[in-house]
1. Do we find that residue 353 is at pLDDT 80 or above, within 23 Å of residue 96 (Cβ to Cβ) and either of a type in the set (Ser, Thr, Tyr) or touching a Gly at 6+ places or on another chain (Cβ under 6 Å) (or both) in this structure?
2. Residue 334 - would you say it is crowded, with 18+ Cβ neighbours inside 10 Å, more than 29 Å from residue 228 (Cβ to Cβ) and modelled with pLDDT of 85 or more?
3. Out of segment 81-96, which residues are crowded, with 19+ Cβ neighbours inside 10 Å and at pLDDT below 85?
4. Assigned by TED's automatic domain parsing to the domain that holds residue 327, under 19 Å from the mean Cα position of the chain (by Cα) and at pLDDT 80 or above, is that true of residue 273?
5. Which one is surrounded by the fewest Cβ atoms within 10 Å (Cβ to Cβ), of the residues in segment 343-373 that are touching a Ser or Thr at 6+ places or on another chain (Cβ under 8 Å) and not in a helix (DSSP H, G or I)?
6. What residue, among those in segment 1-41 that are part of a loop (DSSP other than H, G, I, E, B) and under 23 Å from residue 139 (Cα atoms), is modelled with the lowest pLDDT?
7. Can you tell me which residue within segment 151-182, out of those that are under 16 Å from the mean Cα position of the chain (by Cα) and free of Cβ contacts under 8 Å to residues at least 40 places away in the same chain, is farthest from residue 135 (Cα to Cα)?
8. Being farther than 30 Å from residue 22 by Cβ and outside any helix (DSSP H, G or I) narrows it down to one residue among 110, 69, 80, 142; which is it?
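The values are calculated or read from the model by the stated rules, or taken from the named source; none is laboratory data. Not measured: the values here are computed from a predicted model. Here the Cβ positions follow ideal geometry from the backbone for every residue, glycine too, while neighbour counts run over all protein chains shown.
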Amino acid sequence: MTSPKPSLSSFGIDEELKRKLGFTLLAILIYRVGAHIIAPGVNTAALQAFINNNAGTSTFFQLYDTLGGGLYRATIFALGIMPYISASIIFQLMGGVFPTVSKMQKDEEGKKRLTQWTRYAAIAIAFSQAVTFTAFVETIPGAMAGTLVARITMWFTLTVGAIFMMWLGEQITERGIGNGMSLLIAVSILERFWPTGFQMAEQIRVGAISFGVAILVVAMAVGAIAAVVAMTIAARRIPIQIPRKVMGRGRIREGQKTFIPIRLITAGVMPIIFAQTIIIVPSTIATFTQNEGLREIATFFTPGDWPYDLVFGVMVVLFSYFYTSIIFNAVDLSENLKKQGGFVPGVRPGAATADYIDQVLGRITLPGSLFLALIALIPTIIGRQFNYQSAFGGTSVLIVVGVLLDTIAQIEQHRQLRKYDSFMKTGRVKFRGRQQRFI
C-alpha cells in the first residue's frame with residue numbers, strides 16, 4: 001500500500017497563498033530576464049573593460065549593482081529600483097525635518113499623496129541618472145555611438161526600465177508575498193551565488209588560493225550569516241503595563257503586561273549604504289572630471305587600507321544614530337502609550353517615558369552600529385589577508401537575511417490567519433451560556 005503524496009495543503013499552503021507565491025515567482029522571473037537584456041547600441045565589452053581599469057568607478061558600479069542595478073552590463077533594467085528607493089529615502093528624511101511632511105506620513109490620505117509624489121520624484125531621478133549614465137558611456141571609446149538617436153534611445157530605455165521596475169515591485173507587494181522592492185534586490189544578490197562558487201573553484205584549481213583558505217573563507221561566511229541573523233532578530237524589550245479599565249455597560253478590560261521590542265539594528269542596512277556612497281564620491285567625481293586633487297583623496301581612501309576602514313567605520317556609527325533618530329520617534333510612541341493608559345513600570349508617562357525610550361535606544365544603537373561596521377569591513381579584511389575578493393559583502397548579507405526573514409514572517413502570518421479563519425468558521429464558542437456558531 002503506497003502512502004499518499006504530500007500536497008501543498010499539508011504544508012499549510014492554501015489556494016490564496018499558492019496564488020501569491022506564483023505571482024511573486026513570475027514577477028521575479030520577468031525581472032531576471034530583463035536584467036540580462038542589453039540596452040540597444042551599447043558595447044558592453046568596452047564598458048566593462050573601462051570600469052575594471054578604474055578602481056573608483058568600479059567601486060561605485062559594484063555598490064550600485066549590489067542594490068539591484070545593472071549598470072555594469074548596461075541592461076534595460078540597469079537603473080534597477082534605486083531611483084524609487086532614493087525618492088523614498090528623501091521623503092522619509094524630509095519627515096524628520098518638515099512638520100507638514102511628518103503630519104502627512106501619519107494620515108491615510110497624506111500617505112497616498114506622498115506615495116504619488118515619491119513616484120513622480122523617482123521618474124525624475126531615473127531620467128537624470130539615465131542622462132548621466134549615457135553621457136558617461138559616450139566618453140568611453142567604442143562603447144556607444146555618439147548620435148542623437150542613440151542618446152535619446154538610451155534615455156528612453158533606462159527611464160522606462162526603472163519605471164517598470166517600480167511598478168513591478170509595487171505589484172509584488174500588493175499581490176504577492178513580501179516587500180516587492182526589497183525582494184527584487186535580494187534576488188539579484190542571490191543570483192551571484194553560483195558564479196561566485198564556480199569562481200572560487202577555478203581559483204583553487206589554478207592555485208590562486210589554497211583549499212584550506214577556501215574552507216576558512218566559507219566558514220567565516222557561514223559564521224557571518226549566522227551572526228547577521230542573530231543580530232537582525234535581536235531586540236531589547238521595554239516592559240509596558242496597561243491597567244484595568246472599565247469600558248462601560250459592565251464591560252471591563254483586564255490589565256495587560258506587554259512589551260515594546262526595539263531592535264539592535266533599527267536602521268537596517270541604510271547606514272552602510274550612506275557611508276559607502278559618501279566615501280566613494282571623490283573617486284567617482286575624479287573619474288568623470290579627471291581632477292588630480294580628488295584623485296589623491298580617492299587614493300588615500302583605498303578600500304583595504306586603514307584610513308578607509310577607520311573613516312568608514314566611524315561614518316557607519318554616526319549614520320546609524322542619525323537614521324535611527326529619523327525613523328524612530330520616541331515622543332510619538334510615548335504619547336500613544338499615554339492615550340491608551342499604558343506606562344513603563346517605574347517611569348512617569350509623557351516626557352519621562354520618551355526620555356527613557358531615547359536612552360534605551362541610544363544604548364542599544366552603539367553595539368548594533370559597531371556590528372554593522374564590522375560586518376561591512378569583513379570582506380575587505382578577508383581580501384587583504386587572504387588575497388581573495390568575494391562578490392558578496394556585508395551589505396549583501398544584511399539585505400538578503402533581512403528580506404528572507406521578513407518574507408518568511410509574512411508567509412507564517414498568512415498561514416496563522418487562515419488557521420484562525422478556519423477555526424472561527426467551524427468551531428463553537430460559548431457566549432453567556434449559549435452556543436453560537438460563527439459562519
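1. Details: at pLDDT 80 or above: yes; within 23 Å of residue 96 (Cβ to Cβ): yes; either of a type in the set (Ser, Thr, Tyr) or touching a Gly at 6+ places or on another chain (Cβ under 6 Å) (or both): yes.
Against the criterion (at pLDDT 80 or above, within 23 Å of residue 96 (Cβ to Cβ) and either of a type in the set (Ser, Thr, Tyr) or touching a Gly at 6+ places or on another chain (Cβ under 6 Å) (or both)), residue 353 qualifies.
2. Working: crowded, with 18+ Cβ neighbours inside 10 Å: yes; more than 29 Å from residue 228 (Cβ to Cβ): yes; modelled with pLDDT of 85 or more: yes.
For residue 334, the condition - crowded, with 18+ Cβ neighbours inside 10 Å, more than 29 Å from residue 228 (Cβ to Cβ) and modelled with pLDDT of 85 or more - is met.
3. From segment 81-96, those crowded, with 19+ Cβ neighbours inside 10 Å are 81-85, 87, 95; that's our starting set.
If the condition is that a residue be crowded, with 19+ Cβ neighbours inside 10 Å and at pLDDT below 85, then 81, 82, 85, 95 are the ones that fit.
4. Numbers: assigned by TED's automatic domain parsing to the domain that holds residue 327: yes; under 19 Å from the mean Cα position of the chain (by Cα): yes; at pLDDT 80 or above: no.
Spelling it out, it is not the case that residue 273 is assigned by TED's automatic domain parsing to the domain that holds residue 327, under 19 Å from the mean Cα position of the chain (by Cα) and at pLDDT 80 or above.
5. 350
6. Step one: filter segment 1-41 for residues part of a loop (DSSP other than H, G, I, E, B), giving 1-7, 12-14, 35-37, 39-41.
Checking which are under 23 Å from residue 139 (Cα atoms) leaves us with 37, 39-41.
Details: 37: 88, 39: 87, 40: 87, 41: 84.
Per the criteria, the residue is 41.
7. 173
8. Details: 110 fails: outside any helix (DSSP H, G or I); 69 fails: farther than 30 Å from residue 22 by Cβ; 80 fails: farther than 30 Å from residue 22 by Cβ.
One residue alone meets the criteria, 142.
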